[in-house]
Amino acid sequence: MNLSVKIFISLVLSVIVGLIAGEASLPFIKWWIAPIGTMFINLIKMMIVPVVFCSLVVGITSLGDTKKLGRIGFKTVGIYLVTTAIAIIIGFAVAGIIGPGVGADFVSGAQPKVKEAPYIMKVFLDMIPTNPIDSMAKAAILPTIVFALFIGVGIIKVGGEKADVLIRFFDASAEVCYKIIAMIMEIAPYGVFCLLLPVVAANGPKVLLPLLTVIACMAVGAVIHTVGVYSTMASIWGGHNPVDFFRGMSEAMMIAFTTCSSAGTLPVNMKNCQEKLGVSREVTSFVLPLGATLNMDGTSIYMGVCSIFIANVFGIPLGVDQMLMIVLTGTIASIGTAGVPGAGLIMLAMVLQSVGLPLEGLALVAGIDRVLDMFRTTVNITGDAAVAIVINESEKKAA
Ligand code: ASP
């Protein structure tokens, strides 16, 4: 049986067992089952910094010249920004039609503790590592990427024998990382079961009901964006038919759905793109780590849906200028969102603030954030892969 089928079966099983077990068995589940899920996640996390750093350096050095790097970088970031803006608009459209929160009986007095939203320039400021070792130790991906970029460019500029030694070293290190990731993936079905069971047992169907419309909007938006935008990109510009594309992505999508972490899914996404979708290693190792931190289309759909939901709940009409503002800040916020569970919720504060929507709305969304996160993370990593396929094709033509 193939791995993604096994993962899917364990996902379904965890829902069934979680609903049957319910809250009563939560202490047992938390004590004995949840830690196994955490161990699985930790194993994947263990590989994030090494694989990002080594493969990015290899990716950059394999481009051979800094001009090519600039060209791919420009195209990648350009496509990322356009798909992100489209995602927010889809979020608006779906929420506008379904109308989550319309006529909702808002319980006033819910005062969420909102973390200070980061201001826009801080996102850019934080990209430059003052101490790269510290950034790596903290698994801060964006500064690690910037550092890897510099190391890669430095190696290209040095050239010759000295550069060759380093290129071979990073290439071998990346290879070892991929091997370890493949080993970790063997236990994914068990990891996924143990991760999901506590979530289902704790939340049950009841908690989800009042906010089902928001979840529905997120799910519909995710499907529209994934099927409409990504499979179109993959087939028109990437030379993959949609069925191939989704089949190739299924493992990574399921890991994203259950872990809610783009960064955590990155190693699997890289493996799938190379082995199943035929994306070259140089493109994979540049486009995907960048995407796992910069490109968050699912998070953008979520920003669109949640702003409409919160506006509806509080009876605040949103004008076109406010919607444009949400598209702008949402795009920037999604760039600054870390690829870890729940990061989008914090960035939503920045978007709400930008148009004066009440931050109390976050409390409502927070309750179902984990479920929304499952959808948004799946979209996030699928978008990275779709862009990788497109860049891979365009580079083949440019070569
Ligand atoms: N969990 C998401 C991700 O890792 C980020 C978010 O919270 O929106 O892609």
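Two decimals is fine: what's Rg over Rh for the chain, C-alpha atoms, Kirkwood radius as Rh?
On the Cα set of the chain, Rg over Rh gives 0.97.
For the options Phe286, Phe150, Phe28, a Gaussian network treatment of the chain with springs between C-alpha atoms closer than 10 Å singles out Phe28 as fluctuating the most.
GNM on the chain, alpha-carbon springs under 10 angstrom: the most fluctuating residue among Thr66, Thr83, Thr226 is Thr66. What the Cβ-Cβ distance of Asp171 and Val320 gives, at R0 = 41 Å and to the nearest 0.05, is a FRET efficiency of 0.20. Summary value for the chain: 31 percent relative contact order, contacts being C-alpha pairs under 8 angstrom separated by 6+ residues. Rounded to the nearest 10 degrees, the angle from helix 212-223 to the longest Cα principal axis of the chain is 30 degrees.
Could you pull out the pairs from Lys6/Lys68; Lys45/Lys67; Lys67/Lys271; Lys6/Lys122; Lys162/Lys276; Lys6/Lys179 whose alpha carbons sit more than 31 Å apart here?
Long pairs (Cα-Cα over 31 Å): Lys6/Lys68; Lys45/Lys67; Lys6/Lys122; Lys162/Lys276.
Per residue, the average separation of C-alpha pairs within less than 8 Å and at least 6 apart gives segment 226-350 a relative contact order of 24 percent.
Using the alpha-carbon atoms, what tilt in degrees (0 to 90, nearest 10) does helix 242-259 show relative to the longest principal axis of the chain? Helix 242-259 and the main axis of the chain meet at about 70 degrees. Per-peptide packing, taken as the mean over residues of other Cβ atoms within 10 Å, places 49-60, 379-390 in the sequence 379-390, 49-60 from highest down. GNM on the chain, C-alpha springs below 10 Å: top fluctuator among Met254, Met121, Met270? Its mean-square fluctuation being the largest, the pick is Met121. Radius of gyration (Cα atoms) of segment 169-240, expressed as a multiple of 2.2 N^0.38 Å: 1.71.
Here, each number is a calculation from the coordinates, and none is a lab measurement. Since the model is a prediction, treat every value here as computed from it, not as a measurement. When we count neighbours, we look across all protein chains shown, and the Cβ atoms used for this are built from the backbone with ideal geometry, even at glycine.
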